[in-house]
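The block underneath contains the structure these notes are about, expressed in structure tokens.
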Amino acid sequence: MELSVYNIKGEDTGKKVVLNDEVFGLEPNEHVIYLAVKQYLANQRQGTHKAKERSEVAGSTRKLGKQKGGGGARRGDINSPVLVGGGRVFGPRPRDYRFKLNKKVKDLARKSALSYKALNNQITVVEDFTFEAPKTKEFINFAKNIKLEGVKMLLVLANENKNVTLSARNIQGANITSAAQLNTYEVLDNKALVLTESSVAVLNEL
């Protein structure tokens, strides 16, 4: 697949870039995409949830009533889960939600996500650029020029660029990442994918 290259002003430079069919031209595998997104979201969870069970609730251990004959459920002390304010039965405990995915599965998921974007014509390629200083207004103008103002977009750079990253930091829906750190969730979570020329070269080698 060939795409035109635009400059920072949104003008067609006349140059073309070729997207590697082994990366951008696959038939997307939805199951591996599901696994990669599930792993990413699971890894974001802190897992610090905790509820007190019967043995952890502060309260007297005095037996409240007879074992039988009360007409209701058995209850021992004030900490019984049957009573309001008692402990919780099988409550949540701190845990780690992370799980492992094979590297080849994650690579296939990322390629499938990129192929989805290519199929839906949601990829824009721009010349490599930078800003002299962090300026939010300059990034807004850049988004206007490539007709993506107000669209949730992911700009993929070949390498980290501090000025560009800081310029986009305060803009809702503008996200920046490097080609080496690109993941499946980020690709799918943004409507438009903006690639720089040098980042295309990196992604073609995936």
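Brief remarks on what is shown
- Take every pair of alpha-carbon atoms less than 8 Å apart whose residues are at least six positions apart; their mean separation over the length of the range 92-206 yields a relative contact order of 34 percent.
- What the pair-distance distribution of the chain shows, using all Cα-Cα distances binned every 5 Å from zero, is 1, 7, 12, 14, 13, 10, 8, 5, 4, 4, 5, 5, 4, 4, 3, 1, 1, 0 percent.
- Qualifying lysines (Cα of each under 20 Å from Cα of LYS15; at least 8 residues distant if same chain): LYS147
- Theoretical FRET efficiency, 1/(1+(r/R0)^6), r = Cβ-Cβ of SER60 and ASP96, R0 30 Å, to 0.05: 0.25
- Förster radius 25 Å - calculated FRET efficiency between ASN159 and ALA133, Cβ distance, rounded to 0.05: 0.85
- Rel. contact order, % - alpha carbon contacts under 8 angstrom, at least six apart, the range 1-85: 16
- As a fraction of the 1.4 Å probe accessible area of the chain, surface on carbon and sulfur atoms comes out at 48 percent.
- Accessible area per residue for the chain, computed on protein heavy atoms with a 1.4 Å probe, is 63 Å².
The values are calculated or read from the model by the stated rules, or taken from the named source; none is laboratory data. On a predicted model such as this, the values are computed, not experimentally measured, just so you know. Backbone-built Cβ (ideal geometry, glycine too); neighbour counts: all protein chains shown. Ligands, DNA and RNA are stripped out before the accessible areas are found, and what is left, the full protein with its side chains, is counted by its heavy atoms. Shrake-Rupley method; radii C 1.70, N 1.55, O 1.52, S 1.80 Å.
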